[in-house]
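Asker: Take this structure first; my questions come after.
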Amino acid sequence: MTFGGFAFILQGQVSGADIDTRCYVRLKGAFGIISEKKLRQQRLAKLLENNPMATDRELASLFGVSVSTMRLDRALMGVPELRERVRRMAQEAGSKLRSLSRSEIVGDLLELEPNKWALSVLRTTREMAFRTTDILWDHYIYAQASSVAVAVIEAATVIVDSMRGEYKGHAKVGDMLVARAKVGVNKDNRYIVSVRTRVGEKEIFVARFITQILNPEMA
């Protein structure tokens, strides 16, 4: 039977004078709500993988929910708030870094799996833009991509031997640049590293670097 939006299932078992009554209550539409929440959390995990710098306010806007709902989702998933998330990621990535010092990275190195892949983020400021516009100088985009291409290689000294790239869009003051590096084939201490840089969901730079290890005996 139903009452006030609830569905009740009553089961009664009589044994002598004892009555064992079990009541199962199911909130009408609850299964739909639960699945929607689970789907949102799955999308949230994927989004944070692509953009770990997203704030709770930005995430709430993307999902069309309140900031408090987004914070609750994040807490239930065990994902820390942005500042703590960045600190932990940078600390872990930095502990694996060999080819550069942390101060030589353009942006913040947040993820690193040596000789496999890496991720860095660059917060853009007014000083990085052309004097008369809010469009970012292109060399900042290249510098971030170049540094993450070197950082992903596990060796003491790594240089960029050559690069082929394409600017596919522009970045503006206030944008967050997310650059992902992926290591491909390697031969004779040379590695092909592909880097893709995004602002949100928009890809603005794609490049293929050939990096070279110097003094391989020290690698």
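Asker: Of everything in the range 115-153, what is in contact (Cβ under 8 Å) with a residue 60 or more places away in the chain, among the aromatic types (Phe, Trp, Tyr) and surrounded by 17 or more Cβ atoms within 10 Å (Cβ to Cβ)? Give them in sequence order.
Answerer: Scanning the range 115-153 gives a single hit, 142.
Asker: Also, I was wondering about something else. Going through 72, 59, 112, 100 one at a time, which residue ends up being more than 21 Å from residue 174 (Cβ to Cβ), without any contact (Cβ under 8 Å) to a residue 60 or more places away in the chain, among the hydrophobic types (A, V, I, L, M, F, W, C) and outside the structural domain of residue 208 (by TED's automatic domain parsing)?
Answerer: 72
Asker: Sticking with this structure for a sec: Considering only the range 59-78, state which residues are closer than 15 Å to residue 38 by Cα and among the β-branched types (Val, Ile, Thr).
Answerer: Correct list: 65, 69.
Asker: Does residue 207 fit the bill of being farther than 24 Å from residue 95 by Cβ, in contact (Cβ under 8 Å) with a residue 60 or more places away in the chain and touching a helix residue (DSSP H, G or I) at 6+ places or on another chain (Cβ under 7 Å)?
Answerer: yes
Asker: Given 178, 86, which one is touching a residue at least 40 places away in the same chain (Cβ under 8 Å) and among the β-branched types (Val, Ile, Thr)?
Answerer: Checking each option against the conditions leaves just 178.
Asker: Report, by residue number, each residue of the range 52-90 that is closer than 14 Å to residue 120 by Cα and crowded, with 17+ Cβ neighbours inside 10 Å.
Answerer: Answer for the range 52-90, where residues must be closer than 14 Å to residue 120 by Cα and crowded, with 17+ Cβ neighbours inside 10 Å: 52, 53, 54, 85, 89, 90.
Asker: Quick check on this structure: which one of 101, 95 is closer than 27 Å to residue 164 by Cα, surrounded by fewer than 18 Cβ atoms within 10 Å (Cβ to Cβ) and among the small types (Gly, Ala, Ser)?
Answerer: 101
The values are calculated or read from the model by the stated rules, or taken from the named source; none is laboratory data. As the structure is a computational prediction, the values presented were derived from the model and not from experiment. A quick note on method: Cβ atoms are made from the backbone with ideal geometry, for glycine too, and the neighbour counts reach across all protein chains shown.
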